[in-house]
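Reading through the structure tokens given below for one structure.
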Amino acid sequence: MDATPTTSTRGSWNSKIGFILAAAGSAVGLGNIWKFPFEVADGGGGAFVLIYLVCCFLLCFPVMVTEIAIGRRAHKNAVGAFEALGYRNWRFVGLLGVTSGVLILSFYNVVAAWALGYFVELAGGHFSIGSEFGTFITDVVKIGLYAALFMVLTAGIVSGGISSGIERASKLLMPTLLVIILGLVLYGLTLPHAAEGLRFYLIPDFSEVTLEVVYNALGQAFFSLSLGMGALITYGSYLSKRENIIESAALITLTDVGIAFTAGLLMFPLVAFLNAGDMTDVQGGAGLIFVTLPGAFESMGPGLGAFVGATFFLLLSFAALTSTVSLLEVPTSFVIDEFNVPRRRAAIGIAVLVFLIGIPSLLSNGASPFFTNFVTYFGSDTPNTFMDLVEHLSSDTFLPLGGFLIVVFAAYVWKTENLSEELAQGAPGFRGSALERFIHVCVAYVCPVLLGIIFVLTVLNRFFGVSVF
Ligand code: PFF
């Protein structure tokens, strides 16, 4: 059964490039700029990049294509899409996606607030902010205000609708982001010790590649490409039948990978400059971005350092903003379609709700001992913060589970024949091609098996301390 709705009063993308920039905007985010470079450096440099590319194109790309095809065929939000295709029982997959979107946005917005706060501080020449990071993130009022401001910006864009809100913002933010990142890379490469930074980042070291590295690469690729929660079902539902889904998905994947890679070219020369070429003890994650880098900006001197530092955090804020927009659009589109609520009211209502859900995360970085030491998983004695718990549940667990369910649905319920029919629209020559066979094999076998394994391993490892490797 495949009931295809045709009528539409929903928004739509004005142009192919608008859709690609919006979807690439969703993909390019905090994950690219602070997580990817470090995983590369930790996971064997160039060796990790190769594994990451294989994960993106073999596993993530077919899931992306499937999500966009489901959305475009159904012409509905992530939950309604399953029903519109005739499978009401599968709405739960969309509901899992909407839940993931709300949860991810609740903590992602807090980190985005740090970035925005750092932009303001560094623009004012306040370099010691790096060494005050611990105090900065416990300043609940300040972070609360930045988080509220970030949510207002996000809701403002989503309220504007598809073409005049999300598409317009992406067309402005994404090229600006590209110019900023390239400008910063070029500047970073002129600094002393840039070569040591690049060597640390890129020289392949296959001895560091373990199964765990492969499995981290896959998790990172999945999160980075915004898969598994219906963001691309939703964005695909506004896409015209004239557009080539395969080609668009390839461009989105390439942009995401390209920007993640470039972020490393920016980051490590700066770190090498700060440490005079000594890359033996470089910290990763939040510490790298919010503690180490401000030190590098400071050592450039007051005027230049403030400029380069503020520009870097503007870049991070822009990258986060196009991602928070897509995270808010998933529940917003659900509420608009399913409950007939006007867009503006839906976007603002959900933004307020998500902000409230994010308050425990905001408090969990030192301000409240209860939320800071919130939960200790089985097999571990280190407590996790509330924010960690939400991240582990949503991005590390629900996303791969959602991705697994989406490909199983497409291959065994909706059937690959219907998937192909949708993909062939706007792609003459797709039927009968090797590409079609590749997509079928991935969607029916490779993706369900590998995503299923990842999901089980993540749950065992994260919550029960069982490490299979
Ligand atoms: N892809 C974003 C990042 O790399 O930061 C995060 C994200 C956005 C995940 C939207 C999922 C999503 F639906």
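The values are calculated or read from the model by the stated rules, or taken from the named source; none is laboratory data. None of the values given here were measured: they were computed from a predicted structure. All Cβ positions, glycine included, derive from the backbone under ideal geometry; neighbour counts span all protein chains shown. SASA here: full protein model, heavy atoms, side chains in, ligands and nucleic acids out. Shrake-Rupley method; radii C 1.70, N 1.55, O 1.52, S 1.80 Å.
Quick notes
- Relative to the longest principal axis of the Cα atoms of the chain, helix 211-224 runs at roughly 70 degrees.
- In a fully extended conformation the segment linking ASP42 and PHE378 would gain 118.3 nm over its present Cα-Cα distance, using 0.36 nm per residue.
- Whole-percent carbon and sulfur share, accessible surface of segment 422-468, 1.4 Å: 71 percent
- Inter-centroid distance (Cα atoms) of segment 233-294 relative to segment 214-228, Å: 13 Å
- Spin-label model, ALA434/THR135: points 7 Å from Cα along the beta carbon direction are separated by 6.2 nm.
- The mean of 1/r over all pairs of different alpha-carbon atoms in segment 336-440, once inverted, gives a Kirkwood hydrodynamic radius of 18.0 Å.
- Most to least packed among 416-424, 126-134, 309-317, 275-283 [average Cβ atoms within 10 Å]: 309-317, 416-424, 126-134, 275-283
- Dividing the C-alpha radius of gyration of segment 1-153 by 2.2 N^0.38 Å, with N its residue count, gives 1.35.
- Sorted from greatest to least, the principal axis extents spanned by the alpha carbons of segment 198-299 come out as 54, 35, 21 Å.
- Helix 61-74 vs. the chain, principal-axis angle (Cα, 0 to 90°, nearest 10): 50 degrees
- Diffusion constant of the chain at 10 °C, which comes from Stokes-Einstein with the Kirkwood Cα-pair radius and 1.306 mPa s, µm²/s: 71 µm²/s
- Applying 1/(1 + (r/R0)^6) with R0 = 41 Å to the Cβ-Cβ distance of ARG91 and PHE206 gives a FRET efficiency near 0.35.
- Label sites at MET279 and PHE370, each approximated as a point 7 angstrom past Cα along Cα to Cβ, lie 4.5 nm apart.
- The ellipsoid that matches the Cα gyration tensor of segment 47-113 has semi-axes, each √(5λ) in whole angstrom, of 26, 21, 9, with the longest given first.
- Note: relative contact order over the chain, using C-alpha pairs below 8 Å and six or more positions apart, is 30 percent.
- Segment 72-105 and segment 303-349 have their alpha-carbon centroids 20 Å apart.
- Nearest 10 degrees, 0 to 90: helix 140-159 Cα axis against the chain principal axis: 30 degrees
- Average accessible area per residue (Å²) across the chain - probe 1.4 Å, nucleic acids and ligands excluded: 37 Å²
- Stokes-Einstein D for segment 8-55, Kirkwood Rh over Cα pairs, 37 °C, 0.692 mPa s (µm²/s): 252 µm²/s
- Cβ-derived FRET efficiency at R0 25 Å, SER12 paired with LEU254, nearest 0.05: 0.55
- Measuring nothing but protein heavy atoms, the accessible surface of segment 74-217 at 1.4 Å probe radius is 68 percent carbon and sulfur.
- Segments 39-45, 147-153 sorted - mean Cβ within 10 Å per residue, highest first: 39-45, 147-153
- Scattering profile of segment 113-209 at q = 0.14, 0.19 Å⁻¹ [log10 I(q)/I(0), Debye over alpha-carbon scatterers]: -0.87, -1.06
- Spin-label model distance (nm) - LEU178 vs SER467, 7 Å beyond Cα toward Cβ: 4.1 nm
- For peptides 15-28, 293-306, sequence by mean Cβ density within 10 Å, most packed first: 15-28, 293-306
- Segment 78-117: Cα Rg divided by the 2.2 N^0.38 Å rule of thumb: 1.63
- Computed E for HIS126/ALA195 - FRET, C-beta separation, R0 30 angstrom, nearest 0.05: 0.45
- Other-chain or far-sequence residues with amide H under 5 Å of VAL375's (modelled H): ASN384
- The chain: calculated mean residue ellipticity at 222 nm from DSSP helix runs of at least 4, using -39500 (n - 2.57): -21000 deg cm²/dmol
- Distance violations [Cα-Cα > 30 Å] among LYS16/LYS415; LYS35/LYS415; LYS76/LYS142; LYS16/LYS142; LYS35/LYS241: LYS35/LYS415; LYS76/LYS142; LYS16/LYS142; LYS35/LYS241
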